[in-house]
């Protein structure tokens with residue numbers, strides 16, 4: 001019961017802003033439509049106020065089934081209001097039909113408010129009467145029989161935070177399979193795309209920050225369990241405990257919050273979020289996305305063992321392109337081409353095409369008005385390469401496009417994305433794959449494109465994978481030292497062989513995160529090149545052999561996290577008084593010869609050290625394990641740094 005009440009509050013929280021926007025849009029123009037919208041708004045407010053009067057602790061044992069059903073119906077009402085407004089917004093409903101539907105919804109909100117008042121009165125009469133038990137009293141609701149997990153009880157009882165009114169964010173975890181590690185950024189993108197994150201009126205934080213606090217609240221209350229940390233120490237991946245997942249899955253099904261194939265075979269006409277998994281009906285080739293699924297906001301397809309497993313059942317042009325309310329589309333490397341008809345999906349904010357298969361796209365996907373995140377290993381169709389010359393496309397990308405993430409695209413012989421990227425003024429994160437077909441002319445254009453990206457923004461992230469090409473083009477790349485904001489990118493990742501350490505990296509003194517993989521450079525070459533980066537906070541190096549590598553005092557004075565991975569060997573020295581701000585030290589190598597308390601690795605002066613990570617194979621070496629655990633045990637920190645044994649990241 002408590003959860004149902006809170007969930008209705010969450011749904012209303014989404015519907016009310018849209019109603020307010022509708023009222024504002026019609027301001028100054030008295031009409032039946034405006035009056036009906038105002039009436040719905042007032043009725044929802046009365047319903048919320050009535051729900052707050054319910055004494056959950058006293059009614060929990062004596063809730064009537066009518067009341068439990070009523071709360072579920074209120075959730076559907078709030079969803080219907082949101083659907084109605086969205087249908088009108090995308091042009092799927094005429095003004096006349098919209099006015100008629102709003103009038104019907106006005107009557108429903110008034111009716112539901114009166115029903116709720118009667119159910120509260122009945123429940124109070126039951127509570128005031130003789131004590132009854134759920135085993136004997138016929139009016140006990142079925143919803144009360146499913147005990148709320150202890151962790152959720154704590155959350156629901158917290159009246160000071162905003163999370164209880166946004167429990168739909170928690171329900172979203174039902175979208176993922178039970179053994180799936182939920183990736184932080186993907187989850188937050190989904191929440192934001194659907195408008196599930198609502199800031200308090202006096203909260204000036206970005207919605208991204210509000211969403212991060214939601215997730216932190218769930219983790220703090222042990223409702224969601226952390227699995228892996230990211231570069232900045234925040235939780236990168238998490239999972240849902242079985243008890244919590246079972247409970248919220250029941251709630252999700254009862255409110256039509258989410259559906260996955262295998263739930264139902266018939267009567268699936270009203271679906272807002274659809275999760276397709278390899279072990280569901282889709283894996284047997286019986287899935288077709290019907291046209292009547294017109295209210296789907298999220299379609300998530302989880303990867304199958306073979307990329308073509310969904311070819312016969314996911315008909316993109318005929319089905320997916322008719323889901324006009326889609327805001328989040330994740331296809332898990334299930335297709336190799338996105339058709340031009342994707343232009344119909346005007347509401348899309350995130351498209352995730354997976355990163356294991358190269359997917360061909362057309363320029364239409366770049367012209368989606370609300371698209372913020374385009375993810376995958378993308379190739380712009382050669383038929384569209386000439387489009388970069390079109391003024392209307394360049395003008396849209398420069399002024400109207402909302403695209404923030406392009407992660408990423410494949411260069412090859414195509415100049416399409418390279419030419420267009422310079423016009424994407426809002427880009428914050430870019431990933432580029434240079435394949436074996438990338439010629440010198442294209443690499444030159446790519447270098448110029450990267451220079452513009454580095455120089456024009458602040459806090460940007462750049463990732464380049466040139467394993468199949470040559471990193472030589474980076475030698476002549478110039479950091480924007482002559483521009484007002486040198487070193488404007490915050491994060492840089494490079495993967496592939498380098499003839500020498502690129503000078504431009506050392507020139508970007510504002511960079512905070514660096515990850516270099518398989519460059520074929522020695523550890524000292526890399527450390528020497530990075531020594532000018534005095535505000536570096538995170539460093540990850542992955543090499544076949546990192547020898548020799550020496551970190552001295554005064555280098556990286558505020559570095560908080562370092563991860564050094566040697567596939568075959570890791571000859572490292574961390575001198576005394578080096579890395580004074582270090583919080584996390586990861587030395588990942590099966591043949592690690594460095595031991596703490598010796599000239600190789602000095603850790604006692606690292607006053608902030610909280611965690612030491614070693615290769616999982618070393619857990620079987622009693623001598624090495626004992627030395628590291630003894631060093632951690634003798635560290636002056638309280639609590640002592642934790643020694644963990646992990647697989648190669």
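The values are calculated or read from the model by the stated rules, or taken from the named source; none is laboratory data. Since the model is a prediction, treat every value here as computed from it, not as a measurement. Ideal geometry is used to build each Cβ from the backbone, glycine not excepted, and the neighbour counts take in all protein chains shown.
Quick notes on this one:
- Looking only at the range 199-228, residues that are under 16 Å from the mean Cα position of the chain (by Cα), assigned to a loop (DSSP other than H, G, I, E, B) and either in the same structural domain as residue 561 (by TED's automatic domain parsing) or in contact (Cβ under 8 Å) with a residue 12 or more places away in the chain (or both) come to 1 in all.
- Here residue 494 passes the criteria (1) within 23 Å of residue 424 (Cβ to Cβ); (2) touching a helix residue (DSSP H, G or I) at 6+ places or on another chain (Cβ under 6 Å); (3) modelled with pLDDT of 90 or more except the one numbered (2).
- When restricted to residues that are in contact with a helix residue (DSSP H, G or I) (Cβ under 9 Å, 6 or more places away or on another chain) and under 20 Å from residue 236 (Cα atoms), the range 612-643 contains 4.
- Residues being at pLDDT below 85 and assigned to a strand (DSSP E or B) - total across the range 229-247: 1
- Residue within the range 238-257 that is within 28 Å of residue 609 (Cβ to Cβ) and not assigned by TED's automatic domain parsing to the domain that holds residue 17 present: yes
- In the range 541-562, the residues that are closer than 19 Å to residue 521 by Cα, out of contact with any helix residue (DSSP H, G or I) (no Cβ under 9 Å at 6 or more places or on another chain) and surrounded by fewer than 19 Cβ atoms within 10 Å (Cβ to Cβ): 544
- Test: residue 547 is more than 18 Å from residue 409 (Cβ to Cβ), touching a residue at least 12 places away in the same chain (Cβ under 8 Å) and in contact with a strand residue (DSSP E or B) (Cβ under 6 Å, 6 or more places away or on another chain): yes
- Given (1) in contact with a helix residue (DSSP H, G or I) (Cβ under 9 Å, 6 or more places away or on another chain); (2) surrounded by fewer than 19 Cβ atoms within 10 Å (Cβ to Cβ), index of the condition residue 510 fails: (1)
- Within the range 176-202, the set of residues being touching a helix residue (DSSP H, G or I) at 6+ places or on another chain (Cβ under 7 Å), more than 20 Å from residue 259 (Cα to Cα) and surrounded by fewer than 16 Cβ atoms within 10 Å (Cβ to Cβ) comprises 199 only.
- Listed by first and then second residue, the pairs linking a residue in the range 35-51 that is assigned by TED's automatic domain parsing to the domain that holds residue 24 and at pLDDT 80 or above to a residue that is surrounded by fewer than 18 Cβ atoms within 10 Å (Cβ to Cβ) and not in a helix (DSSP H, G or I), with Cβ atoms under 8 Å apart and 6 or more places separating them unless they lie on different chains, are 37/26.
- Taken together, the residues in the range 576-599 that are out of contact with any helix residue (DSSP H, G or I) (no Cβ under 6 Å at 6 or more places or on another chain) and surrounded by fewer than 16 Cβ atoms within 10 Å (Cβ to Cβ) amount to 7.
- Matching residues in the range 415-432 - criterion: being within 16 Å of residue 466 (Cβ to Cβ) and either part of a loop (DSSP other than H, G, I, E, B) or out of contact with any helix residue (DSSP H, G or I) (no Cβ under 8 Å at 6 or more places or on another chain) (or both): 417, 431
- Tally of residues being out of contact with any helix residue (DSSP H, G or I) (no Cβ under 6 Å at 6 or more places or on another chain) and modelled with pLDDT of 90 or more across the range 339-357: 7
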